[in-house]
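Data first, discussion second: the structure below is written as structure tokens.
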Amino acid sequence: MDTIFDFVADILKDLVCGAINELHYSFCFNGFVKELEKEEDKFIETRKSVEDRVTHARKQTLKTAEVMDKWVKNTKIDAEEVNHLLKEAKTKKSCCLGYCPNWIWRYRLRKKLANKKMDLQNIIQEGKQYIQLERIASIPSNTLDILTEKCMNFDSRKNASDQLMEALKDDGVAMIGLYGMGGCGKTTLAMEIKKMAEDEHLFDKIIFVPVSSIVEVPRIQERIASSLQYEFPENEEMERAQRLCMRLT
């Protein structure tokens, strides 16, 4: 008899626990919504970090792994599903002439919220292995501003800078020449124009490369690559030129 009672007690225990779990879905609606919103924030941060790494890899003319590309692509679908669920959860559905919440609708939606939360946790865990935790910090673009700030703005210099800025904004101009006697301030003026163009966001990226009368192509290539935080996988001049073209386009 004791064995039978124990068996029945175990069955009743399982039934009660199962019923409590099901009731948990029905009476903790707002809690499920908040939990999914918190998980969504973590999901967005992870997704952005992985996308940043993909962008950085492409700037280095590197091809990302197919599994990473697939993860990024799938997260767009997951983001839409989460947004749809949360939007649906914020709608108020009721019964009994609006005096009672629609418990059946809430129960079904809560189960979806709970399942999506678990899905996001798994997605975040997978995405963490694609995140690059460290990267070389970029040098501030205003490093050379100290030199230009100490330069006096004569009327002649302002006139020249106005003409240069006008030429920079002209889509029909592909090359601008700045000439004058040695030591008259051509380089300093060019640095001023660089800063002004950056302040007005005329271009996505501005690179300052001094070129001497003896042209050293490898050194120029290195200077451009350094400004772009790019490392050449090749040593040949022509292959480096092709890599720079890929990176710049």
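The values are calculated or read from the model by the stated rules, or taken from the named source; none is laboratory data. Just so we're clear, the structure is a prediction, and the values are computed from it rather than from any experiment. Note: ideal-geometry Cβ built from the backbone for every residue, glycine included; neighbour counts use all protein chains shown. When the accessible area is computed, the model is the full protein with side chains, heavy atoms only, and any ligands, DNA or RNA have been set aside. Shrake-Rupley method; radii C 1.70, N 1.55, O 1.52, S 1.80 Å.
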Of ALA57, ALA79, which residue is modelled with pLDDT of 85 or more and of a type in the set (A, V, I, L, M)?
ALA79
Expected output for the range 227-243 (first residue of a type in the set (Asp, Glu), partner open to solvent by 80 Å² or more (accessible area, probe 1.4 Å), Cβ below 8 Å, 6+ apart or cross-chain) is none
All but one of (1) within 22 Å of TYR230 (Cα to Cα); (2) among the charged types (D, E, K, R); (3) open to solvent by less than 30 Å² (accessible area, probe 1.4 Å) hold for ARG53; which doesn't?
(3)
Just the residues that are open to solvent by 40 Å² or more (accessible area, probe 1.4 Å), part of a helix (DSSP H, G or I) and not charged (D, E, K, R), please, taken from the range 225-240.
SER226, MET238
One residue from ILE207, ILE176, ILE214, ILE193 being open to solvent by less than 40 Å² (accessible area, probe 1.4 Å) and either in contact with an Asp or Glu (Cβ under 8 Å, 6 or more places away or on another chain) or among the aliphatic types (A, V, I, L, M) (or both):
ILE193
